[in-house]
Amino acid sequence: MGNYSIRDFVNKTQQDQNENDYFELETDRVLEVNLNGEVWSKMGAMIAYVGSIKFERERMLEHGVSKMFKKALTGEGTQLMKAKGKGRLYLADQGKKITIFDLQNESLCVNGNDLLAFEPSTNWDIRLMRKMAGMMAGGLFNVMLDGKGKVAITTHFEPLTLIVKPGETVYTDPNATVAWSGNLKPEFVTDITFRTLIGRGSNESIQMAFSGEGFVIIQPFEEVYLSSES
């Protein structure tokens, strides 16, 4: 915190007019999209824009019948909006830290709630975590992104990447798990002993297990999307 004259504050916090990457970080928690066409983003993520930009809610059959049914099954779904036009678009999500990936024929799975924006050139699909059904209420789906294009994700505070090695399973809390390499297929395990120790109502006994070779991105925060209590 500090004391500023108005001029000093504006000079310190104003957007950088010189940078013009398609996705760029204005701050650690604000994404600027230099738009000349269209971009997909999380519904409600727009905080400001400059220029001629129109916003469209994702239509029911925007991405085909298959994705429509998957979105319906997830309950909360991954609600998207499309921004079209030319200008500077500013996106943010509850003050969370933003990370930009530039996919080069690579694949990344992202927790549906942690996906902020992606280029239309990027392929995507919703993956349901079927084995989680009945075990906990939140975080039942993720989004698989692959091909080429920019992808922006969010985390509470600084993310940590855990390397998954052959023969060495990595276990994570589902509510702290943000993303993982697309080749990994997590399993879900229940620690009965731990559940017995601290009570059946705790989600700590439910873990994601990653095996093979790849990476997992976690955050130092347990984000609960829906209450697991009936």
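The values are calculated or read from the model by the stated rules, or taken from the named source; none is laboratory data. As the structure is a computational prediction, the values presented were derived from the model and not from experiment. Quick reminder, even Gly has a Cβ in these numbers, built from the backbone with ideal geometry, and neighbours come from all protein chains shown.
Here region 178-228 is the region considered, the condition is being over 30 Å from Gln104 (Cα atoms) and touching a strand residue (DSSP E or B) at 6+ places or on another chain (Cβ under 7 Å), and the residue that is modelled with the lowest pLDDT is Asp191.
Only one of the numbered conditions (1) modelled with pLDDT of 85 or more; (2) surrounded by fewer than 20 Cβ atoms within 10 Å (Cβ to Cβ) is violated by His63, and that is (1). Restricting attention to region 81-127, the residues being part of a strand (DSSP E or B) and either in contact (Cβ under 8 Å) with a residue 60 or more places away in the chain or over 17 Å from Gly44 (Cα atoms) (or both) number 30.
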